[in-house]
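Asker: Got a structure for you, questions after.
The values are calculated or read from the model by the stated rules, or taken from the named source; none is laboratory data. Given the structure is predicted, the values throughout are model-derived calculations rather than measurements. When we count neighbours, we look across all protein chains shown, and the Cβ atoms used for this are built from the backbone with ideal geometry, even at glycine. Quick note on the areas: whole protein, heavy atoms, side chains included, nothing else; ligands and nucleic acids left out. Shrake-Rupley method; radii C 1.70, N 1.55, O 1.52, S 1.80 Å.
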Amino acid sequence: MPQLNPIVSAVTDRVIARSRDSRARYLDLLTRERDQWIGRPSLGCANLAHAYAGTEEDRPAMRTGDGMNIGIVTAYNDMLSAHAVYYRYPEQMKVWAREVGATAQVAGGVPAMCDGVTQGYAGMELSLFSRDTIALSTAIALSHGTFEGALLLGICDKIVPGLLMGALRFGHLPMLMVPGGPMPSGISNKSKAEVRERFATGDAGREELLDSEIAAYHTRGTCTFFGTANTNQMMMEVMGLHIPNAAFVNPGTKLRQALTRAAVHRVAGLGWRGEDYRPIGHCIDERAIVNAAVGLLATGGSTNHLLHLPAIARAAGIVIDWEDMDRLSSAVPLIARVYPNGAADVNGFEAAGGMAFVIRELLASGHLHGDILTAGGQSLSDYSAKPTLENDSLAWRDPGPSGDDTILRTSAAPFSADGGMRILAGNIGRACIKVSAVDPERWIVEAPAAVFCDQAAVLAAFQRGELDRDVVVVVRFQGPRANGMPELHKLTPPLGVLQNRGYRVALVTDGRMSGASGKVPAAIHVSPEALPGLNGAGGPIALIRDGDMIRVDAVAGTLGALVDPAEWAARIPAAAPAAADGFGRELFGMFRGLADEAEKGASAVLAGAGL
């Protein structure tokens, strides 16, 4: 095995040292849960009768207890294209479980909302905390004590992190993630973006825009750009939680079905009785978390994972922070360009070599821990081969050289020597910025602030022509405590238009952008957020006034208001807008009140659990 990159090694040691006590407590929990397991052998007869009442065909096998009973936790709904593919999965999985002497039951469902539907509207304020709701729902699904393993069916933005956060509290059980695959390609992402920008300027009408969007998002499967959903799938591969290279095989194909069948067979053999015991809490360790961060950087993945990865890690007793990400970014080469960091979509990425190529390259260059305990394969090296069907049987083959060096390159000849993620710090706070899709000439922006408290006000100012100048748009009171930290994705087209007009433009916000963050420099997740927390202190982003000179510097790693320090210290924070109600937002007040800061994962349930 190649020698591990020294910075990857040092960051891993840093994470292990910082996590020593919390990880030890977590592993002790797993030992106690395993040893004191509330399982089928110890359940009362009435309890078991309730558990078996919903099935007749599998009841005799369940009564013997000879085979594993697999809990299926599903995010199926037919409104969300990525999860509509799961409709028939449970009934198929029951058949495939019987093939290997196991049984399977749907343990429960979890909500799966679509940020693409709620972008820019009130429902988006429920989006981030849907992740905590999914974690709670997963725990409820697994709480019956009748399962020796689980299959987790989920793909998109908050669903995969939420499933893992809940599942890791049952970390003594073997589990696999089961993807559904991306939809076939529609119109190009470039064409879609062009119509969006023309609509923002009034040069395209609603019907043309709707036709364009439907041509892009046209059938079942994951959206094809490299946003949060597909970054989730990439991370599951480098953490070894899929059947190797199952992520980007299209739905409805024989290969897709064969991979799903293999997942059922695999989890059924993951050793509850000691044959090859691989509980998910042991598979997700400090090395696997670092692998996920490396994969994020090497592929130019979604900025949302600067929230999700720390939250997943915390559920396993592991502490990773933005400084770790920043250090890794300096050492990890960018070897993939997928929209919005390039022209190709994930289908083009898969055709060029996909995750098999990425993992093979990163293992060879010493950027991934090859010695992690994988759930879906014997070792991570299994993930450096692409699956295929030969005589209706699964086989894996080396991906060969890159099929398109505008999409995938080797670690020795990358698109960039670093991962394109930066941490910014200064008198406004700490923030992250993704520069892998930003022209290096725009990595430094210094311009007057235009301050807003919501996305709609920015769009209105743009329409009035008030932003036709060099400007740093500041959107505050968008953090997890203020309104649930909605994505501000609707800002991308107008800010892109301003940049196309030749202005120096940047965004500074304590909210999120999106996995589709693109060419406009954006300092996001500003922490502390503007709204005061339980300690009574709000972030200095609340001190910014219209016209203040703001410097966003992704080269030096700074984010500052160029205001006299004495004046800055004397300023009174801006008043927070009244909390919005309606659309169910008031029901999530508890989550907002308990939410941690962005760098810790912005989770209420983890904070409330003392994790």
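Asker: Need one word for segment 252-305: rounded, prolate or oblate. Basis is the Cα gyration tensor (sqrt eigenvalues a ≥ b ≥ c); a/c below 1.5 gives rounded, then a/b vs b/c decides.
Answerer: Values: a/c = 3.83, a/b = 1.28, b/c = 2.99.
Taking the square roots of the gyration eigenvalues as a ≥ b ≥ c, segment 252-305 is oblate.
Asker: Can you tell me how segment 415-563 classifies by the Cα gyration tensor, rounded, prolate or oblate, using a/c under 1.5 as the rounded cut?
Answerer: Values: a/c = 1.42, a/b = 1.15, b/c = 1.24.
Because its axes are fairly even, with a/c under 1.5, segment 415-563 counts as rounded.
Asker: Taking the Cα atoms only, what angle lies between the long axis of helix 6-18 and the longest principal axis of the chain, rounded to 10 degrees?
Answerer: That works out to roughly 80 degrees.
Asker: Counting only protein heavy atoms and a 1.4 Å probe, tell me what percentage of the chain's accessible area is made up of carbon and sulfur.
Answerer: Working: 12050 of 22470 Å².
Percent of accessible area from carbon and sulfur atoms in the chain: 54.
Asker: Of TRP396, ASN427, ALA447, which is farthest on the positive side of the dipole of segment 386-500, counting Cα position, with +1 on Lys and Arg Cβ, -1 on Asp and Glu Cβ, and the Cα centre as origin?
Answerer: ASN427
Asker: Next question. Sort the following peptides by mean Cβ neighbour count (other Cβ atoms within 10 Å, averaged over residues), highest first: 569-580, 314-325, 540-551, 150-161. Don't skip to the end; give the middle numbers.
Answerer: Numbers: 569-580: 12.4, 314-325: 23.2, 540-551: 19.3, 150-161: 28.3.
Descending mean neighbour count gives 150-161, 314-325, 540-551, 569-580.
Asker: In Å², and per residue, what accessible area does the chain have when probed at 1.4 Å with the other protein chains present?
Answerer: Details: 22470 Å² over 611 residues.
Result: 37 Å² per residue.
Asker: In whole percent, what relative contact order does segment 135-205 give with Cα contacts below 8 Å and a gap of six or more residues? Walk me through the numbers before you get to the answer.
Answerer: Numbers: 49 pairs, mean separation 24.0, N = 71.
Answer for segment 135-205 is 34 percent.
Asker: Could I ask something else about it? Run through the DSSP bridge list for segment 421-576 and note the antiparallel percent, rounded to the nearest 5.
Answerer: Values: 17 of 30 bridges.
Restricted to segment 421-576, the bridges split so that about 55 percent are antiparallel.
Asker: Within the set of other residues whose C-beta is less than 14 Å from the C-beta of ALA204, count the net charge using Lys and Arg as +1 and Asp and Glu as -1.
Answerer: On the way: positive: LYS192, ARG196, ARG198, ARG206; negative: GLU194, GLU197, ASP203, GLU207, GLU208, ASP211, GLU213.
Net charge in that neighbourhood comes out at -3.
Asker: If you count the DSSP beta bridges with both ends in the chain, what percent of them are antiparallel, to the nearest 5?
Answerer: Details: 24 of 53 bridges.
Rounded to the nearest five, the antiparallel share is 45 percent.
Asker: Can you compute the helix-only [θ] at 222 nm over the chain? Use -39500 (n - 2.57) per DSSP H run of at least 4 residues, normalise by all residues, nearest 500 deg cm²/dmol.
Answerer: Working: 25 runs with 230 residues, N = 611.
Rounded to the nearest 500, it is -10500 deg cm²/dmol.
Asker: Among 112-120, 487-495, 133-141, how do they line up from the highest to the lowest mean number of other beta-carbon atoms within 10 Å? Could you put the intermediate results ahead of the total?
Answerer: Details: 112-120: 19.7, 487-495: 23.7, 133-141: 22.0.
The peptides rank, most packed first, as 487-495, 133-141, 112-120.
Asker: Something else: First select every other residue whose beta carbon is under 9 angstrom from the beta carbon of SER329; then total the charges, Lys and Arg +1, Asp and Glu -1. Can you show the working numbers first?
Answerer: Numbers: positive: ARG327, ARG422; negative: ASP326, ASP418.
After counting each charged neighbour, the total is 0.
Asker: Here is a further query. Set Lys and Arg Cβ to +1 and Asp and Glu Cβ to -1, take the dipole of the chain about its Cα centre, and tell me which of GLY342, VAL267, VAL475 lies farthest positive.
Answerer: The residue sitting farthest along the positive end of the dipole is VAL267.
Asker: Rounded if a/c is under 1.5, else prolate if a/b is larger than b/c, else oblate: which is segment 562-611, with a ≥ b ≥ c the root eigenvalues of its Cα gyration tensor? Could you put the intermediate results ahead of the total?
Answerer: Working: a/c = 3.85, a/b = 1.60, b/c = 2.40.
In terms of gyration-tensor shape, oblate.
Asker: Would you indicate which of [x] 86, 72, 60; [y] 74, 52, 52; [z] 71, 66, 55 is the value of Cα extents along the principal axes in Å derived from the coordinates of this structure?
Answerer: Here Cα extents along the principal axes in Å agrees with entry [y].
Asker: For TYR121 and VAL100 in one chain, what is 0.36 nm times their gap in residues minus the Cα-Cα distance, to one decimal in nm? Could the numbers behind the result be given before it?
Answerer: Working: separation 21, 0.36 × 21 = 7.56 nm, distance 4.71 nm.
Value of the extension gain: 2.9 nm.
Asker: Follow-up. Let me check I've understood the local charge: for CYS283, count other residues with C-beta under 15 angstrom from its C-beta, Lys and Arg +1, Asp and Glu -1. What total comes out? Don't jump to the answer; show the numbers that get you there.
Answerer: On the way: positive: ARG23, ARG34, ARG169, ARG266, ARG278, ARG287; negative: GLU237, ASP276, ASP285, GLU286, ASP371, ASP382.
The answer is 0.
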